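Right, one structure below, let's go through it.
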């Protein structure tokens, strides 16, 4: 059975790569003014990278399973409502990195490398990775742009052989996380502003650049570039992409496609976490 499941997984990955190759990706000769920007959660990776990281920390006894469940539900609520509700954004800012308060930066980076190799590597969408590699092979620079903490974002970028990453910055003091943020979460409009600043610094022509995302929260970023792509899109982004003639690619299949919006949709404990998040969302909307 394990061998059969593994063959299916490899077949899915091969299908994703083939599907990615079928996209008319705007990658031509090396162009120093062109670059590509990839969202991470549900675009480059199944589920939420910060949740997988938190789960890895929990497995090492750095906080409890109950803490992990509360964190997962909070992330689900923020993903669904955070773009339109300032209260949720403020709450997310207060809690997004609180679980690493008191940890050394060097320890979090080391743990991020371990947890990526143990948990996250198998959750990378082969099709999205193929798209990123096409840009790399064409001599273009490729950045991840994500609300994920910048240290973890850089680990993912390094493991994938990409140029670098823009992520949420956590405050530190004497090499230790304080549990607070520097500035805002790199989410929604903040992503677009960060990419604008990067473009100015790197001499990029955004009309020649490409961006990939799964979420309507990233419309400010997608509208910023000349070549926007919807990858594994939520319903709002899918509708917007169709109306504007943007390329769409969905590497999900069947029931997995309906679950991917939740940050807890993959890995051990996903069913229990998904039920808890669904209950929380139902209560939220009734309130």
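Things worth noting here:
- Considering only beta bridges that DSSP places wholly inside segment 157-262, some 30 percent are antiparallel.
- Segment 189-220 and segment 107-140: distance between their alpha carbon centers, rounded to Å: 20
- Each of residue 236 and residue 163 was given a label point 7 Å from its Cα along the Cα-to-Cβ line. The distance between the two points is 2.9 nm.
- Which of 210, 33, 253 has the fewest Cβ neighbours within 10 Å, and the rest in rising order: 253, 33, 210
- Once the Cα gyration tensor of segment 123-214 is diagonalised, semi-axes √(5λ) in Å: 24, 16, 12
Here, each number is a calculation from the coordinates, and none is a lab measurement. This one's a predicted model, so the numbers in the text were calculated from it and none came from an experiment. Here the Cβ is made from the backbone with ideal geometry for all residues, glycine too, and neighbour counts use every protein chain on show.
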